[in-house]
Amino acid sequence: MDYKKLQNGSDIRGVALEGIEGQNVNLTETVTRDIARGFALWLRKKTGKTQLRVAVGRDSRLSGPALCGWLCEEMAKCGLCVTDFGMASTPAMFMATVTEGYNFDGTVMITASHLPFNRNGFKFFTPAGGLESANIKEILAYAEGNEETGLPAGQVVSGEFMDTYAAILADKIRAATGEEKPLSGFRIVVDAGNGAGGFYASKVLEPLGSDTTGSRYLDPDGSFPGHIPNPEDKEAMESIMEAVRETKADLGIIFDTDVDRAGAVLSDGSELNRNRIIAMLSAILLREHPGTTIVTDSITSTGLGEFIAEKGGVHHRFKRGYRNVINESIRLNNLGQDSQLAIETSGHGAFKENYFLDDGAYIVTKLLIELARGKKEGYTLESLIESLAEPAESVEFRMNILLEDFKPYGQRVIDELTAYAATQPGWSLAPSNFEGVRVNLDENHGNGWFLLRLSLHDPLLPLNIESNSVGGAKIIAKELAGFIANYDKLDAGKLLDFVK
């Protein structure tokens, strides 16, 4: 097979189990062992070292133990000293490269985030951070070849890191609040979706004094019997909202499968997700770092930008893709422009103070510090975002491009829409736009904005529409529908149905 087809940006992903019609297993034992050898070769050449220590962790997916066994065994054959951590989170696997007493040369996390049960994949880390797309291409090229490391065989041992990682998070909350049990008196419920995030209830919240009664789906189960572990999933969010209501909790927390993303529910039952969680984290950071720049993806709301400016910060709306926003924030810092947070509306958030690691558990840790501080000083989490102007309506249409070579066609639609927008009354191109075409529309034309962009990996043109007026989204969609209907290789059926 063509190993390059397994690349998904800065990750490797594939089908690891039978069970869904038309999806054949491509993360076989042979492929997995080749990737293990490819990573060993890449790390050997990257570091120049002949004694290399690596660790492997996995989330709760059913295919995880087999993939882990093959990876560990093959990397040991290639001369690496391998530690199998068993169940772990993606952020913890990075932290194992920079934590004193561990300091691994590289790590591998076996996960496919929130994808269906039959999928799995690999994320790679060194002490410099997560690997980039170009590094994955190199690893897969080595995997397809026959080169060996030339090192004598290493060994595989069992290890544990999640207790250490959890203690780091708990100690951060203690240090920030000055209390041994700063969460005493709080009820905080966790929905881990049967992924790897259940540790946060037992190893972080409870040692800090929190009552976690009413938490859901904490036990790892790769069949995901409760719901998809994904803070963006409607059913998943309804689950944690229900848990908060039933237990009258002070906060609800939800993680994705491998804990690099998080969402929350406030005590009043409202979601803390997408623009709202970005606004809250921005408010916290702008108090700690006045004037800092918050880098987000391209689909954040107009109200969020106004909120960040009101708090004295700079909103830098960039591209979709968590590596894109992280790398842009790092770039700004290197230019001398302080940027403390890079965050996507999906819940991927990375802090400058935390290695620019996208870590859902760290996001929650920041919220908990604020929750405890607010109790002392007489304010609530809700009060931090009370001035955030939220849209009246928000919709997304994912329009398939019906061509194998889809990118030129998709770019043509965007280019022609950009030219068209410049001629339309009440329309204005958004300034400082880095992805697709974003257009603002005045009160007579829907009172909002739309963004048409090309998907990073798939043959799709996602269209986001947001309006500050009830009924405005349909007005904007109608203004666009006539233009979009001209492209016969674009499946715009759902958009056209919406405007009927």
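The values are calculated or read from the model by the stated rules, or taken from the named source; none is laboratory data. Please read these numbers as outputs of a predicted model, since none were measured by experiment. Cβ atoms come from the backbone with ideal geometry, glycine included; neighbour counts cover every protein chain shown. Ligands, DNA and RNA are stripped out before the accessible areas are found, and what is left, the full protein with its side chains, is counted by its heavy atoms. Shrake-Rupley method; radii C 1.70, N 1.55, O 1.52, S 1.80 Å.
For segment 304-316, state whether one or more residues are within 26 Å of His457 (Cα to Cα), in contact with a Lys or Arg (Cβ under 9 Å, 6 or more places away or on another chain) and open to solvent by less than 40 Å² (accessible area, probe 1.4 Å). Checked against the condition, which is being within 26 Å of His457 (Cα to Cα), in contact with a Lys or Arg (Cβ under 9 Å, 6 or more places away or on another chain) and open to solvent by less than 40 Å² (accessible area, probe 1.4 Å), segment 304-316 yields no hits at all.
From the set of residues in segment 113-156 that are part of a strand (DSSP E or B) and under 15 Å from Cys78 (Cβ atoms), which is nearest to the chain's Cα centre (by Cα)? Full working, then the answer.
Residues of segment 113-156 that are part of a strand (DSSP E or B), as a first pass: 119-126, 129-130, 156.
Restricting the remaining residues to those that are under 15 Å from Cys78 (Cβ atoms) gives 124, 156.
Details: Phe124: 15, Val156: 30 Å.
Result: Phe124.
Can you name the residue in segment 2-25 that is touching a Lys or Arg at 6+ places or on another chain (Cβ under 8 Å) and not aliphatic (A, V, I, L, M) and is also surrounded by the fewest Cβ atoms within 10 Å (Cβ to Cβ) among such residues? Across segment 2-25, the extreme among qualifying residues is Lys4. Candidates in segment 214-248 are the residues that are over 20 Å from the mean Cα position of the chain (by Cα) and of a type in the set (Asp, Glu); of these, the one that is least open to solvent (accessible area, probe 1.4 Å) is Asp221. Checked across segment 198-205, the condition of being closer than 30 Å to Glu246 by Cα and open to solvent by 50 Å² or more (accessible area, probe 1.4 Å) holds for at least one residue. When Glu393, Glu386, Glu370 are screened for being open to solvent by 10 Å² or more (accessible area, probe 1.4 Å), in contact (Cβ under 8 Å) with a residue 24 or more places away in the chain and either among the charged types (D, E, K, R) or within 30 Å of Thr177 (Cβ to Cβ) (or both), only Glu393 passes.
Here Gly193 meets the list (1) under 19 Å from Asp59 (Cα atoms); (2) open to solvent by 10 Å² or more (accessible area, probe 1.4 Å); (3) at pLDDT 95 or above almost entirely, failing just condition (2).
Looking only at residues in segment 431-454 that are open to solvent by less than 30 Å² (accessible area, probe 1.4 Å), touching a helix residue (DSSP H, G or I) at 6+ places or on another chain (Cβ under 9 Å) and in contact (Cβ under 8 Å) with a residue 40 or more places away in the chain, the one that is nearest to Ala492 (Cα to Cα) is Arg453.
The residue that is modelled with the lowest pLDDT, counting only those in segment 149-169 that are open to solvent by 50 Å² or more (accessible area, probe 1.4 Å) and small (Gly, Ala, Ser), is Gly150.
Just one of the listed residues (Lys203, Lys181, Lys172) is over 18 Å from Lys375 (Cβ atoms), out of contact with any His (no Cβ under 6 Å at 6 or more places or on another chain) and basic (Lys, Arg), and it is Lys203. Among all positions in segment 223-236, there is at least one residue which is out of contact with any Asp or Glu (no Cβ under 8 Å at 6 or more places or on another chain) and of a type in the set (Lys, Arg).
Residues are listed down the side, and each one gets a yes or a no for (1) closer than 30 Å to Phe199 by Cα; (2) of a type in the set (Ser, Thr, Tyr); (3) open to solvent by less than 50 Å² (accessible area, probe 1.4 Å):
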residue	(1), (2), (3)
Thr32	yes, yes, yes
Ala36	yes, no, yes
Leu41	no, no, yes
Ile110	yes, no, yes
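Counting the residues of segment 44-70 that are closer than 26 Å to Leu151 by Cα, open to solvent by less than 60 Å² (accessible area, probe 1.4 Å) and touching a Lys or Arg at 6+ places or on another chain (Cβ under 8 Å) gives 3. In segment 336-350 there is no residue matching the filter, namely being part of a strand (DSSP E or B), over 18 Å from the mean Cα position of the chain (by Cα) and loosely packed, with under 14 Cβ neighbours inside 10 Å. When Tyr420 is tested against (1) open to solvent by 50 Å² or more (accessible area, probe 1.4 Å); (2) part of a loop (DSSP other than H, G, I, E, B), only condition (2) is not met. Kindly evaluate Lys172 against the criterion of being charged (D, E, K, R) and open to solvent by less than 70 Å² (accessible area, probe 1.4 Å). For Lys172, the condition - charged (D, E, K, R) and open to solvent by less than 70 Å² (accessible area, probe 1.4 Å) - is met.
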